[in-house]
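Coordinate-derived values only; no laboratory data. Predicted model, so just to flag it, every value in this text is computed and none were measured. Using ideal geometry, Cβ is built from the backbone for each residue, glycine included, and neighbour counts are taken over all protein chains shown.
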Ligand code: RIB
């Protein structure tokens, strides 16, 4: 099994704060750290640590110390980074405040993440060879479309529509959603893309547009929609310390467990349970990539009574 993740990679600069500051306010942090982040890179780390799949990452960093560190962190997880380009722009940075309730506020400076709008031959080859291709929307939507178009016969294209803004344009949504096998959104992205305020109406609308839909609801769990079929997957109860990247962990582990499918309700629910277990563990630890659990940790939680 192999998975190619196409997306963003950031240096996360995290400040622990008693509460998220308001406009015009200066707060003193109680601590700070730097670590690997970016929705794409977090997801490929999730997939790699899930085990059972060769994981490759396609994106871009700058020719700078952050870029070299981000590449090295991915390599340390055994991820193929031959498709990680070095761009003229500086590496992406995310400025993250995490408060005492584990909530966060994130500002992303995209930098090199905006550099790729298409795949080169080598990157296209990596995507074409993958059983599963996963993407998010923190890179140009043209790159996401190129990834979907480059997938091989029978491979699944899993899109985590985060952030959802590009898909609030009906033209873009129509083009992109036509290529998607599994769409993963959180409750806010669901409503944004569907363009309605009611959650179940939004689920019905999006479920009619893609073969399979997964809606993550944080501590509540997730909803799976496959045509007219619905399933609920509960979350694992934990006390969070930092929710940064928890959704990415869910997506990466989900995609790795789903593999090539089949796209039936049982397979989707099993993959979502693994994603839920992984993200439950991740929120009990600080940081994005550093918090992603191993396959053994996920298996232990799944087997717990
Ligand atoms: O989803 C969390 C991620 O969003 C962080 O790691 C940050 O880099 C931003 O991309």
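Taking the criterion of being touching a helix residue (DSSP H, G or I) at 6+ places or on another chain (Cβ under 6 Å), within 30 Å of residue 258 (Cβ to Cβ) and either away from the ligand (no atom under 16 Å from the Cβ) or outside any strand (DSSP E or B) (or both), would at least one residue in region 60-75 satisfy it? No, the conditions are met nowhere in region 60-75.
Among residues of region 276-294 that are more than 20 Å from residue 184 (Cα to Cα), those with a beta-carbon under 6 Å from a residue that is within 11 Å of the ligand (Cβ to nearest atom) and in a loop (DSSP other than H, G, I, E, B) at least six positions away or on a different chain give the pairs 286/242. When residue 242 is tested against (1) in contact with a helix residue (DSSP H, G or I) (Cβ under 6 Å, 6 or more places away or on another chain); (2) closer than 19 Å to residue 36 by Cβ, only condition (1) is not met. Of all the criteria given as (1) within 16 Å of the ligand (Cβ to nearest atom); (2) assigned to a strand (DSSP E or B); (3) touching a helix residue (DSSP H, G or I) at 6+ places or on another chain (Cβ under 8 Å), the one not satisfied by residue 56 is (1).
The requirement of being closer than 18 Å to residue 13 by Cβ, in contact with a strand residue (DSSP E or B) (Cβ under 8 Å, 6 or more places away or on another chain) and without any contact (Cβ under 8 Å) to a residue 40 or more places away in the chain is fulfilled nowhere in region 73-85; no residue meets it.
Considering region 260-269, the residues that are in a helix (DSSP H, G or I) and closer than 18 Å to residue 183 by Cβ include one that is farthest from the chain's Cα centre (by Cα), namely 265. The set of residues in region 84-97 being within 19 Å of the chain's Cα centre (by Cα) and surrounded by fewer than 18 Cβ atoms within 10 Å (Cβ to Cβ) consists of 95 alone. Listed by position, the helices (runs of 4 or more DSSP H) inside region 98-186 whose residues that are surrounded by fewer than 16 Cβ atoms within 10 Å (Cβ to Cβ) and within 17 Å of the chain's Cα centre (by Cα) number at least 1 form an empty set. Of everything in region 285-305 that is in contact with a helix residue (DSSP H, G or I) (Cβ under 8 Å, 6 or more places away or on another chain) and part of a loop (DSSP other than H, G, I, E, B), the residue that is farthest from residue 50 (Cα to Cα) is 285. Close Cβ contacts (under 7 Å, 6 or more residues apart or on different chains) running from residues in region 23-46 that are within 18 Å of residue 127 (Cβ to Cβ) to residues that are more than 15 Å from the ligand (Cβ to nearest atom) and not in a loop (DSSP other than H, G, I, E, B) comprise 44/55. Mind listing just one residue for me: the one in region 236-259 that is part of a helix (DSSP H, G or I), in contact with a strand residue (DSSP E or B) (Cβ under 7 Å, 6 or more places away or on another chain) and near the ligand (Cβ under 10 Å from one of its atoms) and, of those, nearest to residue 98 (Cα to Cα)? Checked region 236-259; the qualifying residue nearest to residue 98 (Cα to Cα) is 247.
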